[in-house]
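In what follows, a single structure is set out as structure tokens and then discussed.
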Amino acid sequence: MHPWEANLEKLPRMLALIRDNAAHLVGVGEVGLDYMPKTLLRPTAASDGGHGDAAATAEGIKAVQKECLVQQARLAMELDLPLNVHSCSAGHHTIDLLRSIGVTRAVFHAFDGKVRPYTSGYYWQRSIYWVVLRIRGGVLG
């Protein structure tokens, strides 16, 4: 679930979709955090995030994005799949969160932060965009 679409009401369905198709997946994503002002201020699925008006603030949207990322990352680790990570204006927040829950396999593609030595366990790619769930032989959107 892309951070622009982060929604706690829809998250269980997305997690079930990933779990049900795990044998065909090569990764989970596009997941992550996007703290760009235009993302935090625009009306999207993340604006209500399954929490009603309380999540419509920038901090509420960030909290929903974080929870969606954590749950998807934990499922990816359980299924032994890497993450495809979107991280805009949230570099150290994303890296610190992933490291705190033990993620060791991730591809960062929309990353605008600084790559520090402590992040060397991750792969950095700046040219892949709009991947949701990649399945051998096609894309599941």
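Each value in this text was obtained by applying a stated rule to the coordinates, not by laboratory testing. Model, not experiment: these values are computed from the prediction. Cβ placement follows ideal geometry from the backbone for every residue including glycine, while neighbour counts extend to all protein chains displayed.
Can you check what the net charge comes to around ARG13, using other residues whose Cβ is under 14 Å from the Cβ of ARG13 (Lys, Arg +1; Asp, Glu -1)?
Overall, the nearby charge balance is -1.
Can you give the FRET efficiency for GLU59 and ARG99, using 1/(1 + (r/R0)^6), R0 = 22 Å, r = Cβ-Cβ distance, to the nearest 0.05? Display every interim value, and only then the final one.
Details: r = 22 Å, r/R0 = 1.01.
Once rounded, the FRET efficiency stands at 0.50.
Net charge within 13 Å of LEU69 by Cβ-Cβ distance, Lys/Arg positive one each and Asp/Glu negative one each, not counting LEU69 itself?
Every neighbour counted, the sum reads -1.
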